[in-house]
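Following: one structure in structure tokens, then a few remarks.
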Amino acid sequence: ARGVAARMAVLTFASFPARISSFQPLACRRFWSPRPAVLLSSLSSLSSYPSFRSFSFVCPHAPVQARTCPLQFAFRCPNKATTQQVVTSIRRGPKSCNSARNLAMSAESSRLQVEQFPCLNDNYGYLIHEPSSGLTAAIDTPELKPYIHVLERKGWKLDYILNTHHHFDHAGSNLELKKLTGCKIVGPKGEQDKIPGIDIAVDQGDVFEFGQKKIRVLNVGGHTMGHIAYYLPDENCAFVGDSLFALGCGRLFEGTFPQMFESLQRLASLPDDTVLYCAHEYTMSNAKFALSVEPGNPMLQERFEQIKKLREVGNPTVPSLLSVEKATNPFLRTGSSEIRKSLNLPPDARDVDVFAAIRKAKDNF
């Protein structure tokens, strides 16, 4: 898209991939000049987030349903490209608007669809849909009506419930949804006696097919003993329940500090561009605590301002990127000298002991 089309391009950069229907842009600017220097200047704010690959290119000549597409598909830009490489790719543009549209539509047609919606007081409900097979799964079941509403609105049939753990605000609507839809319930093997209506018990290392997608099970016990997460490597996303929150982690109701620390390290070992879907909107209170133990972290300061703006207008702060969590979430930053100093811990303290101190401090914050 050269000339006028390139000048009318709109770039939207968000905190998670553009394929998510419910994303909230952090910023959106219209560029009237195709010069790389101008574009690079406009994108300079991304320098704090080196792993952000969540760009979209909107072609004004493409049909509405295909206008937004991942930048790397539209411009054949490497996933690990630098900002300068991204800008150069934007300036060169695709071979034609049709090729960009076709690439976008092909990519979109096979992508997992995620619907995120509020439940109860501060829970998030999720429905995931695999378009090739038509399969749909609920991630936990905090409340019946929102799930039914979204299923009817989308015209989807519920095939599975994927429970992360046994707490009522995660499995409380299992039996009602199963009765209404005939779906199968998948849940943690370590809690199968506590998961209402469970059909399939899974644990660390298990992999099951969800249409054309593979779902890997991760044991992330600590919040509860058998808590699990669902990781989709082809989609770079994970549904983590109450194990890891945006800027926080779950309270230890059943597990031990070493167990929870190991669980968070397991999540931290996933690729940096993994999108994390947690189960609660706790981010503002988590951010205030994070700043109390690491006030000198510039990325944390910037993220706090973004969170305030989102929450002021009622927008979600979830999901988040793993790379951003690793740079700002105190529970993933046990090596931080500032955090250790804030908690009066020696520089040579073990990471697991630092984690325990952070968790205890948060419990009393």
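The values are calculated or read from the model by the stated rules, or taken from the named source; none is laboratory data. Note that the coordinates shown come from a computational prediction; the quantities given were computed from them, not determined experimentally. Cβ placement follows ideal geometry from the backbone for every residue including glycine, while neighbour counts extend to all protein chains displayed. Accessible surface areas use protein heavy atoms only, side chains included; no ligands, DNA or RNA. Shrake-Rupley method; radii C 1.70, N 1.55, O 1.52, S 1.80 Å.
Here the calculated FRET efficiency for residue 149 and residue 184, from their Cβ-Cβ distance with R0 = 30 Å, stands at 0.85, rounded to the nearest 0.05. The separation of the range 330-358 from the range 136-215, counted between C-alpha centres, amounts to 37 Å. If the cut-off is a Cα-Cα distance under 12 Å, which aspartates and glutamates reach residue 341, setting aside same-chain residues fewer than 8 apart in sequence? Reachable aspartates and glutamates: 294.
With the simple spin-label model, which puts each label point 7 Å out from Cα in the Cβ direction, the residue 365 to residue 350 separation comes to 2.4 nm.
Using the Cβ-Cβ distance between residue 343 and residue 315 with R0 set to 41 Å, the FRET efficiency works out to roughly 0.80.
Segment residue 251..residue 157, full-extension length gain: 30.4 nm, with 0.36 nm per residue of separation and the alpha-carbon distance subtracted.
Give me the compactness ratio for the range 215-287, meaning the Cα radius of gyration over 2.2 N^0.38 Å.
Numbers: Rg = 11.5 Å, N = 73, 2.2 N^0.38 = 11.2 Å.
Taking N as the residue count of the range 215-287, the ratio is 1.03.
Rounded to the nearest 10 square angstrom, residue 181 shows an accessible area of 40 square angstrom against a 1.4 Å probe.
Roughly to the nearest percent, how much of the accessible area of the range 109-363 is carbon and sulfur, given a 1.4 Å probe? Each step should come with its number before you reach the end.
Numbers: 5120 of 10110 Å².
Carbon with sulfur: 51 percent of the solvent-accessible area.
Under a cut-off of 19 Å between alpha-carbon atoms, report the lysines in cross-link reach of residue 145, not counting same-chain residues fewer than 8 places apart. Straight-line reach from residue 145, under 19 Å: 154, 157, 178, 179, 184. Excluding ligands and nucleic acids, what accessible area in Å² is computed for residue 149 using a 1.4 Å probe, to the nearest 10? About 110 Å², rounded to the nearest 10.
Estimated at the nearest 10 Å², the accessible area of residue 308 is 70 Å² with a 1.4 Å probe.
How much length is gained if the chain between residue 214 and residue 193 is pulled fully straight, taking 0.36 nm per residue apart and subtracting their Cα-Cα distance, in nm to one decimal? Before the final figure, lay out each step's value.
On the way: separation 21, 0.36 × 21 = 7.56 nm, distance 2.57 nm.
Contour length minus Cα-Cα distance gives 5.0 nm.
Given a Förster radius of 45 Å and the C-beta distance between residue 306 and residue 175 as r, what FRET efficiency does 1/(1 + (r/R0)^6) yield to the nearest 0.05? Efficiency computed from Cβ-Cβ geometry: 0.70. Straight-line cross-link reach from residue 214 at under 15 Å between alpha-carbon atoms covers these aspartates and glutamates, not counting any fewer than eight positions away in the same chain: 130, 203, 206, 234, 235.
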